[in-house]
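The values are calculated or read from the model by the stated rules, or taken from the named source; none is laboratory data. Keep in mind that this is a model prediction, so the values were computed, not measured. Note: ideal-geometry Cβ built from the backbone for every residue, glycine included; neighbour counts use all protein chains shown.
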Amino acid sequence: MRSVISPRVLIGAFMLVLLVAPAVLPPFYVTKLNYIGLYAMVALGLVLLTGVGGLTSFGQAAFVGVGAYATAVLTTSSALPGWLAWLGASPWLTLGAGLVITAAMAILIGSLTLKLSGHYLPLGTIAWGISLYFLFGTMQILGGHTGLGGIPAIHLFGFELRQDNEIYYLIWAFLLVGVFTVHNLLDSREGRAIRALKGGMVMAEAMGVNTARSRMVIFVIAALLACASGWLYAHMQRFVNPTPFGLHMGIEFLFMAVIGGAGYVWGALIGAGLIVVLKHWLQGLLPAIFGQSGNFEIIVFGVIMVFVLHKARNGLWPILTRLTQRVIPVRAAQRRIDAAAEPLARRELPIAGTLLLDAKNVTRKFGGLVANKDMSLQVRSGEILALIGPNGAGKSTMFNQISGVDTPTSGEVLFLGQAVAGRDSREIARMGMSRTFQHVRMLPTMSVLENVAIGAHLRGSKGVLASAWRLDRAEEARLLAEAARQIERVGLAEHMFDEAGSLALGQQRILEIARALASDPCLLLLDEPAAGLRYKEKQALAELLRKLKREGIGILLVEHDMDFVMGLVDRVVVMEFGEKIAEGLPDQVQRDPAVLEAYLGGVE
Ligand code: ADP
Ligand code: MG
């Protein structure tokens, strides 16, 4: 058996190398390492924002500038009003001030631009990136294009960090704290909500995640990391001017994140390291080759970027880990389920027979097309109702009105006596309605366990700070234990730690049911759950649904498979051309001539 080492050993070795580096390296290399640390901090923000959250920003350099200028002005200006001047007493105070200013600006800019979708968001970030850059260059108090000098060194534990090999330790301490903070954050309830932004917004909202808030959270964190980098930069250089905070640096930071691996926290470090080293090397080499001076390295970066986008979309980090894995086998981080974790509080289910869902005369028109016409149906607790009908009958449209994704043209849907229309998906989820999707919506690169845990989002409450500082572990254990219980309940236990994307389609549908159950619903809406399931799996699903029904959950099933429905449900509503053509017990409906005509095409 090959011996396998823990990732902690590698991190420990890395820290040891970092610790001795300034003692053994020439000063020039220490300065390069400082830049790597400073850039990696900004790229780390982009990992969170762009790589994980899917929000592309070209404007991070501007936030670096805010951090740098905030401290530069406050520590050097003699013209500040008295109520501000006290901040200049120590760089540590100006760090706090810079972070506060940055957070306020990020919230303002974020609330204006984060709603933009598609290409408009990156364009928006370019716009404010450029604006801030010109602001740095034109404002008198910021020293215009000549900049500000005479910035004091940082004092720490009585030491003055004057030299590059002294501030080195502070830079790398900041970076490592940043890496661990982001790493912890991603491995939490908030982290799952953040990861759901990329590709799973509708699903995440239906599970109770406030996606607008998650976007803002990562935008602010990325801005704060950039600000801290700017603060360190200003006190390393002891001088600032606008040049390093322009759009070209914003683009370079994005290069670093993408080349290093925008989806991985350590990718930021690899990317920053590679760009700094390459830049240095090429700046010496290329002008010698071409016989003239110029920024030739930018051309090479462009080519590398295009190559990476073609051949290694996920960046270098995953390739690097795969290669190291061959030489030094590192144990994959294992999730452990704490079976002893205290179960989450449960909703009190309404007594059997309580009216849960009451759709009254729902009509939905799309232009001239009437997709639902005067549809009424009811679901009670402890009951399974099937909504069936041929393709295009209007089932999914009805499903959408019920789940609150769409609003009826006329008529209304009541859930527990309250109108569904006008409430957002989160509110409806909180009230106890949970759903699956006809076209499976999950996060394919996340494990089955984590996917299902998203369903339990509303049953936890720990936020960003608690996650970042690992104060959420007790709650996290309860959430994961709940997810694991639901996975066992639906019979997917052997796939608990597999990537969700590796499951067969039928199993992915089952995963969605487990995720819906993790929210502890009283009403379950299932859109074609048996599609793609094999006979045995269908039987198991039917058994599960019967069990849920006995526990008192109400279930609305939109289904195609007649045999599956008939042996299982209590009542059936049949639709055709947007209208209800029959309702009743499965046996009655099955014999109804109108249903036979419509649904089975007249075949006996
Ligand atoms: P089913 O789920 O029973 O197969 P749907 O509810 O998806 O049926 O569709 C019912 C009818 O409504 C179809 O003719 C479909 O083309 C139409 N329809 C559904 N959604 C929309 C929409 N957003 N805009 C226009 N027409 C739609
Ligand atoms: Mg449909």
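Output the residues belonging to region 396-414 that are touching an Asp or Glu at 6+ places or on another chain (Cβ under 8 Å) and either within 10 Å of ligand 1 (Cβ to nearest atom) or outside any loop (DSSP other than H, G, I, E, B) (or both). Before you say what the answer is, go through the steps one by one.
We begin by selecting, within region 396-414, every residue touching an Asp or Glu at 6+ places or on another chain (Cβ under 8 Å); these are 396-397, 399-400, 404, 411, 413-414.
Of everything in region 396-414, those that are touching an Asp or Glu at 6+ places or on another chain (Cβ under 8 Å) and either within 10 Å of ligand 1 (Cβ to nearest atom) or outside any loop (DSSP other than H, G, I, E, B) (or both) turn out to be 396, 397, 399, 400, 411, 413, 414.
If only residues of region 373-392 that are of a type in the set (S, T, N, Q) and under 35 Å from the mean Cα position of the chain (by Cα) are counted, the one that is nearest to ligand 1 (Cβ to nearest atom) is 391.
For region 393-403, which residues satisfy the criterion of being under 34 Å from the mean Cα position of the chain (by Cα) and within 9 Å of ligand 2 (Cβ to nearest atom)? Let's see the steps before the verdict.
Step one: of region 393-403, the residues under 34 Å from the mean Cα position of the chain (by Cα) are 394-403.
Those that are under 34 Å from the mean Cα position of the chain (by Cα) and within 9 Å of ligand 2 (Cβ to nearest atom): 394, 395, 396, 397, 399.
Residues that are crowded, with 22+ Cβ neighbours inside 10 Å, over 22 Å from residue 460 (Cβ atoms) and of a type outside the set (Asp, Glu): does region 427-436 have at least one? No.
Is there a residue in region 563-571 that is outside the structural domain of residue 450 (by TED's automatic domain parsing), within 20 Å of residue 389 (Cβ to Cβ), out of contact with any Lys or Arg (no Cβ under 6 Å at 6 or more places or on another chain) and within 16 Å of ligand 1 (Cβ to nearest atom)? Walk me through it before giving the result.
Pass one, region 563-571, residues outside the structural domain of residue 450 (by TED's automatic domain parsing): 563-571.
Going one step further and asking which of them are within 20 Å of residue 389 (Cβ to Cβ), we end up with 563-571.
When the remaining residues are screened for being out of contact with any Lys or Arg (no Cβ under 6 Å at 6 or more places or on another chain), the result is 563, 565-571.
Of the ones still in play, those that are also within 16 Å of ligand 1 (Cβ to nearest atom) are 565.
Within region 563-571 (the criterion being outside the structural domain of residue 450 (by TED's automatic domain parsing), within 20 Å of residue 389 (Cβ to Cβ), out of contact with any Lys or Arg (no Cβ under 6 Å at 6 or more places or on another chain) and within 16 Å of ligand 1 (Cβ to nearest atom)), the answer is yes, since at least one residue qualifies.
For residue 93, the criteria (1) in contact with a strand residue (DSSP E or B) (Cβ under 6 Å, 6 or more places away or on another chain); (2) at pLDDT 90 or above hold in every case but one, which is (1).
Contact map, region 439-462: first residue closer than 23 Å to residue 51 by Cα, second residue among the β-branched types (Val, Ile, Thr) and crowded, with 20+ Cβ neighbours inside 10 Å, Cβ cut-off under 6 Å, separation 6 or more or different chains; pairs are 452/487; 457/209.
Applying the criterion of at least 1 residues that are surrounded by fewer than 16 Cβ atoms within 10 Å (Cβ to Cβ) to the strands (runs of 3 or more DSSP E) found wholly in region 331-389 leaves 355-366, 369-380. Being surrounded by 16 or more Cβ atoms within 10 Å (Cβ to Cβ), among the small types (Gly, Ala, Ser) and modelled with pLDDT under 90: is that true of residue 124 here? In short, no. Quick check on my filter: what residues within region 264-292 are more than 23 Å from residue 29 (Cα to Cα) and surrounded by fewer than 21 Cβ atoms within 10 Å (Cβ to Cβ)? Across region 264-292, the qualifying residues are 289, 290, 291, 292.
The rows are residues; the columns are (1) in contact (Cβ under 8 Å) with a residue 24 or more places away in the chain; (2) in contact with an Asp or Glu (Cβ under 6 Å, 6 or more places away or on another chain); (3) aliphatic (A, V, I, L, M).
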| position | (1), (2), (3) |
| --- | --- |
| 243 | no, no, no |
| 251 | yes, no, yes |
| 254 | yes, no, yes |
| 262 | yes, no, yes |
| 266 | yes, no, no |
| 269 | yes, no, yes |
| 290 | no, no, no |
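Tell me whether region 425-436 contains one or more residues that are hydroxyl-bearing (Ser, Thr, Tyr) and either without any contact (Cβ under 8 Å) to a residue 60 or more places away in the chain or in contact with a His (Cβ under 7 Å, 6 or more places away or on another chain) (or both). No, the conditions are met nowhere in region 425-436.
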